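Novice: Just dropping this structure here.
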Amino acid sequence: MAVSRRTFVTSVLASSALAAASTTRLLASPAHAASPPGDVVGKVTVGYQGWFSAPGDSAPIGGWWHWSRDRFQPPSPANTTIVSWPDMREYTRSYPTAYPNLGNGSPATLFSSYDQQTVDTHFRWMQEYGCDTAALQRFNPMGDEGPTRDAMTQKVRSAAERYGRKFYIMYDVTDWLSMQSEIKTDWTTKMSAHTASSAYARQNGKPVVCIWGFGFSEPSRPFTPGPCLEVVNWFKAQGCYVIGGVPTWWRQGIEDSRPGFLDVYHAFHAISPWMVYRARTVEELDSYYNNVNVGDMADCAARGIDYLPCVMPGDLAGGHRKHGDFYWRHIYNMVRLGSQGLYVSMFDEYNEGNQIAKTSETQATTPAGANIRALDEDGVACSADYYLRITGDGGRMLKGQLALTPVRPTPPMVGTPPPTGGNLAAGRAASASSQNGPFPASNAVDSDANSYWESGGGAFPHWWQVDLGASHPVNRLVLRLPSGWGARTRPSPCRAASTAVPSPPSPGPPRSPSTRRPATPSPAR
């Protein structure tokens, strides 16, 4: 399984003196479009992984591919890669997991990318929300991933044709040590056949190919400049329009970029510098704009290279999104820069928290007690399609159909806000003043309606509490009895049934001891 792109995090801020000096030297070169509008220039491209599978979906790779650390065991809080939960309402087929039930009591299920209906659903969303082109990620296909990725290419092609979208192959060379020869074989024997599709992206009349990973400084991409330049020129000789997915600091050859790769970078028809996990705040995005992006754009314009920067919604698990303000600022910065197109990372990367596809809105539709943030994580209600809608508005701004504006025009909610409550206590850590026999405090929050906590001693006072893991506005605490029990007006000993449900109303001050925050915040992943 390929190493995640987010495993390498740069340690420097964009405001280094070297970056600022480089920008100053290049500001005199005006930005201009090297190419006319096509399927990537003037368009919004989304990165599409399509790398999720589940037992029973017939995928050759088998198991819970990319949902679990151990793909031969179902995803659970102890065996997971998931940091964001998908909104599952539009999938006709789903697969049960070992996660606790959702906050609303429904089973926690996930989709498989190997189901054609899943891919069709995703490409329908692309059509509905103005995502023009999908860059299908393709890691080393010579190992056990190969047959599944081959099949996914056909599924993506079918969906793109059905919904009037474009797609192209984006090779990721991570851990592909025999890349120089094998990438050519893969293109000539398999992938080039898909360029016959009416849905295959073309730019300047040429089929589009992206090579992501040349020049990155991680050990998983140990290539030297010579072989990389040879591969770029080989694809150009095949008649392809070649995009380079390059390091953030490609121009300076520092930090995430190896030195000596500038000739490789300048050989590409277009450059798309990586930005995921490089910035966490709007202020950091602005710093990159001033100290990196402006200079990048001038360098590309001076050499007739299209600049297709990466824009990102922000890491949901890390709390970076700021209910859409982070994403909009990134799009606004790249449009005001004069970028030739936008590359959104990513469409469906729920296991890395930077997806724009429909996502769980509240804890009511997220596994209870699993420490997975929903879209309302900072207190602002957001619809499941919110980041798709921002993408659509950003695309209109790119195309001049919407005035350039730093103010996000996209409302977080359309229609009635979803219920936020669910069972906020389910699966959380519980404690009590005492316990009678096999009836511990945890029974009250185990989602089993027939189990309960029972105090010891047979006399008052006793207490029971649950740690919700974060502050929540609460105005009532519901204690339910197991089914078949009669009403209790004078419980002795004290009993609490398994569906203790703090139910948050509209925002207000916490009014229940169950809202206490732990000393250390719950980890995001």
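The values are calculated or read from the model by the stated rules, or taken from the named source; none is laboratory data. Given the structure is predicted, the values throughout are model-derived calculations rather than measurements. With ideal geometry, Cβ positions are generated from the backbone for all residues, glycine too; neighbour counts draw on all protein chains shown. These area figures cover heavy atoms from the full protein model, side chains too; ligands, DNA and RNA do not enter into them. Shrake-Rupley method; radii C 1.70, N 1.55, O 1.52, S 1.80 Å.
Novice: Note down the magnitude of the dipole of region 203-327 about its Cα centre, charges +1 on Lys and Arg C-beta and -1 on Asp and Glu C-beta and zero elsewhere, to the nearest 20 debye.
Specialist: On the way: 10 positive and 13 negative charges, 60 e Å.
The dipole magnitude comes to about 280 debye.
Novice: Can you tell me, using C-alpha contacts under 8 Å and at least 6 residues apart, the relative contact order of region 149-268 as a whole percent? List each step's numbers first, then the result.
Specialist: Working: 166 pairs, mean separation 29.1, N = 120.
That works out to 24 percent.
Novice: Follow-up question, since we're still on this one. At 4 °C and 1.567 mPa s, what whole-number value in µm²/s does Stokes-Einstein give for the translational diffusion of region 330-373, with Rh from the Kirkwood sum over Cα pairs? Don't skip to the end; give the middle numbers.
Specialist: On the way: Rh = 12.8 Å.
D, rounded to a whole number, is 102 µm²/s.
Novice: Can you run phi through the Karplus equation (6.51, -1.76, 1.60; θ = phi - 60°) for region 64-73 and list ³J(HN,Hα) in whole Hz, with x for Gly and Pro?
Specialist: Residue by residue, region 64-73 yields 8, 4, 6, 8, 10, 5, 9, 5, 8, 10 Hz.
Novice: Report the calculated FRET efficiency for residue 290 and residue 460 (r = Cβ-Cβ distance, R0 = 60 Å), to the nearest 0.05. Display every interim value, and only then the final one.
Specialist: Details: r = 65 Å, r/R0 = 1.08.
Plugging the Cβ-Cβ distance into 1/(1 + (r/R0)^6) gives 0.40.
Novice: Provide the FRET efficiency to the nearest 0.05 for the residue 93-residue 431 pair, computing r from the beta carbons and using R0 = 30 Å. Don't jump to the answer; show the numbers that get you there.
Specialist: Numbers: r = 40 Å, r/R0 = 1.35.
Efficiency for this residue pair is about 0.15.
Novice: What is the calculated FRET efficiency for residue 128 to residue 58, with r their C-beta to C-beta distance and R₀ = 25 Å, to the nearest 0.05? Write out the running numbers ahead of the final one.
Specialist: Working: r = 28 Å, r/R0 = 1.12.
So, using R0 = 25 Å, E works out to roughly 0.35.
Novice: Over region 332-377, average the accessible area per residue using a 1.4 Å probe and give it in Å², no decimals. Could you put the intermediate results ahead of the total?
Specialist: Numbers: 750 Å² over 46 residues.
Spelled out: the 1.4 Å probe surface of region 332-377, per residue, equals 16 Å².
Novice: Run the dipole for region 128-275 about the Cα centre, Lys and Arg Cβ at +1, Asp and Glu Cβ at -1, nothing else charged, and hand back the magnitude in debye, nearest 20.
Specialist: For this selection, approximately 540 debye.
Novice: Taking amide H atoms as placed 1.01 Å from N in the peptide plane, list the residues 5 or more away in sequence, or in a different chain, whose amide H sits under 5 Å from that of residue 46.
Specialist: Excluding prolines and chain starts, which carry no amide H, the hits are 133, 134, 135, 344.
Novice: Separate question: Can you list residues from other chains, or at least 5 along the same chain, whose modelled amide H is less than 5 Å from the amide H of residue 105?
Specialist: So residue 105 has HN proximity to 423.
Novice: Also: Cα gyration tensor of region 232-279, axes a ≥ b ≥ c as square roots of the eigenvalues: rounded (a/c below 1.5), prolate (a/b > b/c) or oblate? Display every interim value, and only then the final one.
Specialist: Numbers: a/c = 3.56, a/b = 1.74, b/c = 2.04.
Taking the square roots of the gyration eigenvalues as a ≥ b ≥ c, region 232-279 is oblate.
Novice: Along the positive direction of the dipole of region 256-344 (beta-carbon charges: Lys, Arg +1; Asp, Glu -1; about the Cα centre), which of 304, 330, 318 reaches farthest?
Specialist: About the Cα centre, the residue reaching furthest to the positive side is 318.
Novice: Could you do me a favour and compute the accessible area per residue for region 78-172, 1.4 Å probe, result in Å²?
Specialist: Numbers: 3010 Å² over 95 residues.
It amounts to 32 Å² per residue over region 78-172.
Novice: Next question. Over region 224-378, calculate the relative contact order: mean separation of alpha carbon pairs under 8 Å at least 6 apart, over the residue count, as a percent. Could you put the intermediate results ahead of the total?
Specialist: On the way: 228 pairs, mean separation 27.3, N = 155.
Over region 224-378, the number comes to 18 percent.
Novice: Along region 353-362, what does the Karplus equation 6.51 cos²θ - 1.76 cosθ + 1.60 (θ = phi - 60°) give for ³J(HN,Hα), rounded to whole Hz, x for Gly and Pro?
Specialist: Result, rounded to whole Hz: x, 10, 7, 9, 5, 4, 10, 3, 7, 9.
Novice: Then there's this: Enumerate the calculated ³J(HN,Hα) couplings along region 115-129 in order (Karplus 6.51 cos²θ - 1.76 cosθ + 1.60, θ = phi - 60°), each rounded to whole Hz, writing x wherever the residue is Gly or Pro.
Specialist: Result, ordered by residue: 6, 4, 4, 5, 5, 4, 4, 5, 6, 5, 4, 4, 5, 5, 10 Hz.
Novice: What size of dipole, in debye to the nearest 20, comes out for region 197-261 about its Cα centre when the only charges are +1 on Lys and Arg C-beta atoms and -1 on Asp and Glu C-beta atoms? Walk me through the numbers before you get to the answer.
Specialist: Working: 6 positive and 4 negative charges, 56 e Å.
Using only the charged Cβ atoms, the result is roughly 260 debye.
Novice: How far, in nm, would the chain grow between residue 204 and residue 181 when pulled straight, counting 0.36 nm per residue and subtracting the alpha carbon separation?
Specialist: Values: separation 23, 0.36 × 23 = 8.28 nm, distance 2.66 nm.
So the extension gain works out to 5.6 nm.
Novice: Going by a ≥ b ≥ c, the root eigenvalues of the Cα gyration tensor, does region 57-152 fall in the rounded group (a/c under 1.5), the prolate group (a/b larger than b/c) or the oblate group? Spell out each step's value before the answer.
Specialist: Working: a/c = 2.00, a/b = 1.13, b/c = 1.78.
The shape class here is oblate.
Novice: Measure off 7 Å from each Cα along the Cα-to-Cβ vector at residue 69 and residue 104, then give the distance between these two points in nanometres to one decimal.
Specialist: 3.1 nm
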